[in-house]
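The values are calculated or read from the model by the stated rules, or taken from the named source; none is laboratory data. Source: prediction; values computed, not measured. A quick note on method: Cβ atoms are made from the backbone with ideal geometry, for glycine too, and the neighbour counts reach across all protein chains shown. Heads up: the accessible areas ignore ligands, DNA and RNA and are worked out on the full protein's heavy atoms, side chains in. Shrake-Rupley method; radii C 1.70, N 1.55, O 1.52, S 1.80 Å.
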Amino acid sequence: MKPKVFITRKLPKEIILQIESLCSIKMWQEEDVPVPYEVLEKEIKEVDGLFCLLTESIDRALMEKAKNLKVISNMAVGYNNIDIQAAEDLGITITNTPGVLTETTADLTFALLMSTARRLVEARDYLKNGEWQTWSPMQLTGQDVFGATIGIIGMGRIGASLAKRAKGFDMNILYYNRSQKLNLEKEFDMQYVELEYLMKQSDFVCVMTPYTKETENLITAKELKMMKETAILINTARGGIVNEADLYQALLKKQIWAAGLDVFEEEPLSLNHPLLSLNNVVALPHIGSASINTRLKMATLAAENLLAALNNQTPKHVVV
Ligand code: DGY
């Protein structure tokens, strides 16, 4: 008998075929609507494997309902949507998809940094709204990227790829991490510093760390007050790492110059969220890894992880 798998979102055909070659599958059919919790609660009961996305909150109660569940394959590098302790207690393998999205996410982070620094969205709207009457000396002027100081919080794979891009722009690179990365320091000519020093010295503060109990609310009013008035905060990691209410106040009061955000405490971001009322915010709908190639690679890797675990092999990327 083939193992049973539930897939929480409609996947590209080739990925479905890959999973179907070894499993009998059921799949939530809506492309842009997350599977309701009640549906997941019902489906998880009988399956051996679950293929899910970061939009699904996989809690202990849900996992306890699953009688045969061996593996949950998350199509994301982040896995804060899953209760890892519960999975470990219940002997369920959790897998994720690191590596394949590194460069694409670093690209988006740098794109967000540049568009925030040079006010690209504002400038596009200015033109489209017919406000462009003439060229004038200080019109839509922003901050320089080339030669500025970047502070990278979290020096994992994506943080290092961001450093690579920053080096190309002759930036002075500071980083804060759980541990010092001596090999990368040499490669990118960067300096390991305390968080306070990074917040005070950086022209761009980039949040690149995983979302854990330790990093929740890592950036609050206190840290934002340390930043320069001309500095920009970029977050492409997870919303809960930066306190959104505090960030809104800092931007509103012009304590900091701007923010570029791809992630939020609540996703999707509601249209009446205060951050969207500010001109100095570039907000994106969590598209860090959204290139066609990368999303296909993530889905393929998630499928491989799932199949390996169901085949009693060790998946490439095991969280627990
Ligand atoms: C991840 O993989 O965790 C990203 O946030 C989505 O690509």
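As an exercise: evaluate LEU276 against (1) in contact (Cβ under 8 Å) with a residue 12 or more places away in the chain; (2) of a type in the set (A, V, I, L, M, F, W, C); (3) more than 30 Å from ILE16 (Cβ to Cβ) and give the number of the one condition it does not meet.
It is condition (1) that LEU276 fails.
How about the stretch 1-25: which of its residues are over 23 Å from the mean Cα position of the chain (by Cα) and surrounded by 13 or more Cβ atoms within 10 Å (Cβ to Cβ)?
If the condition is that a residue be over 23 Å from the mean Cα position of the chain (by Cα) and surrounded by 13 or more Cβ atoms within 10 Å (Cβ to Cβ), then PRO3, LYS4, VAL5, PHE6, ILE16, GLN18, ILE19, GLU20, LEU22, CYS23, SER24, ILE25 are the ones that fit.
Among the residues of the stretch 134-144, are any assigned to a loop (DSSP other than H, G, I, E, B), open to solvent by 50 Å² or more (accessible area, probe 1.4 Å) and within 16 Å of the ligand (Cβ to nearest atom)?
No, the stretch 134-144 contains no residue that is assigned to a loop (DSSP other than H, G, I, E, B), open to solvent by 50 Å² or more (accessible area, probe 1.4 Å) and within 16 Å of the ligand (Cβ to nearest atom).
What's the number of the only condition in (1) in contact with a Pro (Cβ under 7 Å, 6 or more places away or on another chain); (2) within 16 Å of the ligand (Cβ to nearest atom) that ASP48 fails to meet?
Of everything listed in (1) in contact with a Pro (Cβ under 7 Å, 6 or more places away or on another chain); (2) within 16 Å of the ligand (Cβ to nearest atom), ASP48 misses just condition (2).
When the residues of the stretch 57-75 are filtered to those that are crowded, with 21+ Cβ neighbours inside 10 Å and within 16 Å of the ligand (Cβ to nearest atom), which remaining residue is farthest from GLU20 (Cα to Cα)?
Ranking the candidates gives ILE58 first.
Report whether or not GLY168 is small (Gly, Ala, Ser) and touching a Phe, Trp or Tyr at 6+ places or on another chain (Cβ under 7 Å).
When the stated conditions are applied, GLY168 does not pass them.
Tally up the residues in the stretch 45-56 that are touching a Lys or Arg at 6+ places or on another chain (Cβ under 6 Å) and buried (at least 22 other Cβ atoms within 10 Å of the Cβ), please.
1
Scan the stretch 170-192 and tell me whether some residue there is out of contact with any Lys or Arg (no Cβ under 9 Å at 6 or more places or on another chain), closer than 19 Å to ILE234 by Cα and small (Gly, Ala, Ser).
No: zero hits.
When the residues of the stretch 76-132 are filtered to those that are farther than 23 Å from LYS297 by Cα and either aromatic (Phe, Trp, Tyr) or within 12 Å of the ligand (Cβ to nearest atom) (or both), which remaining residue is most open to solvent (accessible area, probe 1.4 Å)?
The extreme case among them is TRP132.
If a residue must be aliphatic (A, V, I, L, M), assigned to a helix (DSSP H, G or I) and open to solvent by less than 60 Å² (accessible area, probe 1.4 Å), how many such residues does the stretch 171-189 contain?
Adding up the residues that qualify gives 1.
Working only within the stretch 190-212, note down all residues that are open to solvent by 30 Å² or more (accessible area, probe 1.4 Å), assigned to a loop (DSSP other than H, G, I, E, B) and touching a helix residue (DSSP H, G or I) at 6+ places or on another chain (Cβ under 7 Å).
The one that is open to solvent by 30 Å² or more (accessible area, probe 1.4 Å), assigned to a loop (DSSP other than H, G, I, E, B) and touching a helix residue (DSSP H, G or I) at 6+ places or on another chain (Cβ under 7 Å): TYR211.
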